[in-house]
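Okay, so here's the structure we're looking at.
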Amino acid sequence: MAYPLQLGFQDATSPVMEELIHFHDHTLMIIFLISSLVLYIILLMLTTKLVHTNMMNVQEMEMIWTILPAAILILIALPSLHTLYMMDEINNPLLTVKTMGHQWFWSYEYTDYEDLAFDSYMITANDLKFGELRLLEVDNRMVLPTDLPVRMLVSSEDVLHSWAVPSLGLKTDAIPGRLNQVTLTSTRPGLFYGQCSEICGANHSFMPIVLELVPLKHFESWSTSLA
């Protein structure tokens, strides 16, 4: 969960989000070094009038400032491709949940169980209990097991929506007539919040997502009580 004046990402809850944070830090350091070098050269140009005549036409220098940017792009592209393929890879999911976006709420269907489906509406400010978060709490949380690969099938019944949970590194468009899929694996239990990230209408900001990630035995007890 984000806190006021937070500058960085939320704490990673999945291996994908950990990789995204590592890639962000890796790229940010490269940008910082490039910016420092450019600033240093600009300061030198502004503070000295000396011109080295041997540097006016040197093929070696041209090779260096051609090869160096290419090497920097490779240093950025390789971890980027690794993370991208990691996000798209789905291997033997043990649970599948279908998520449908509506104006303006989410509905969830556990396709591996019979008659295990429910709608998830935002709790209004007047009905909030002490300690609950305004505009983020829902009446029915989506419960998932930890340490297991879960496949999310995301679609919409009316307009464009976007199912996003930042701490898990998830953001998938819900498009009418199209079924998108994404995989998630949580490494720790807890409550994790998200919101619709698509401007889908007047009540766009009132479509919160709450994931309750619990150990497998607790998930089995919960699913048995509802099925």
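Side notes on the structure shown:
- Candidates ILE34, ILE67: the one that is in contact (Cβ under 8 Å) with a residue 24 or more places away in the chain, in a helix (DSSP H, G or I) and outside the structural domain of LEU168 (by the TED database) is ILE34.
- Matching residues, region 201-222, being farther than 14 Å from MET122 by Cβ and either within 19 Å of the chain's Cα centre (by Cα) or outside the structural domain of LEU144 (by the TED database) (or both): LEU211, GLU212, LEU213
- Residues satisfying the stated conditions in region 71-90, i.e. open to solvent by 50 Å² or more (accessible area, probe 1.4 Å) and free of Cβ contacts under 8 Å to residues at least 40 places away in the same chain: LEU73, ILE74, LEU78, LEU81, LEU84, TYR85, ASP88
- Residue check, VAL138 within 14 Å of SER205 (Cα to Cα) and under 24 Å from the mean Cα position of the chain (by Cα): yes
- Lone qualifier among TRP163, TRP106 - being within 21 Å of GLU19 (Cβ to Cβ) and within 21 Å of the chain's Cα centre (by Cα): TRP163
- Selection over region 126-175 of residues that are within 14 Å of MET100 (Cβ to Cβ) and among the charged types (D, E, K, R) gives a count of 3.
- Annotation: of all residues in region 176-204 being touching a Phe, Trp or Tyr at 6+ places or on another chain (Cβ under 9 Å), open to solvent by 50 Å² or more (accessible area, probe 1.4 Å) and among the small types (Gly, Ala, Ser), the one that is nearest to MET100 (Cα to Cα) is SER197.
- Considered as a group, the residues in region 111-144 that are open to solvent by 80 Å² or more (accessible area, probe 1.4 Å), part of a loop (DSSP other than H, G, I, E, B) and of a type outside the set (Phe, Trp, Tyr) include one that is farthest from ASN91 (Cα to Cα), and that residue is LYS129.
- Test set (1) open to solvent by 100 Å² or more (accessible area, probe 1.4 Å); (2) of a type outside the set (S, T, N, Q); (3) within 30 Å of LEU148 (Cα to Cα) - PRO93 fails condition number: (1)
- Set ASP158, ASP173, ASP147: member being assigned to a loop (DSSP other than H, G, I, E, B), open to solvent by 10 Å² or more (accessible area, probe 1.4 Å) and within 21 Å of MET86 (Cα to Cα): ASP147
The values are calculated or read from the model by the stated rules, or taken from the named source; none is laboratory data. Values in this document were obtained by computation on a predicted structure and should not be read as measured data. Virtual Cβ from ideal backbone geometry, glycine too; neighbours counted across all protein chains shown. When the accessible area is computed, the model is the full protein with side chains, heavy atoms only, and any ligands, DNA or RNA have been set aside. Shrake-Rupley method; radii C 1.70, N 1.55, O 1.52, S 1.80 Å.
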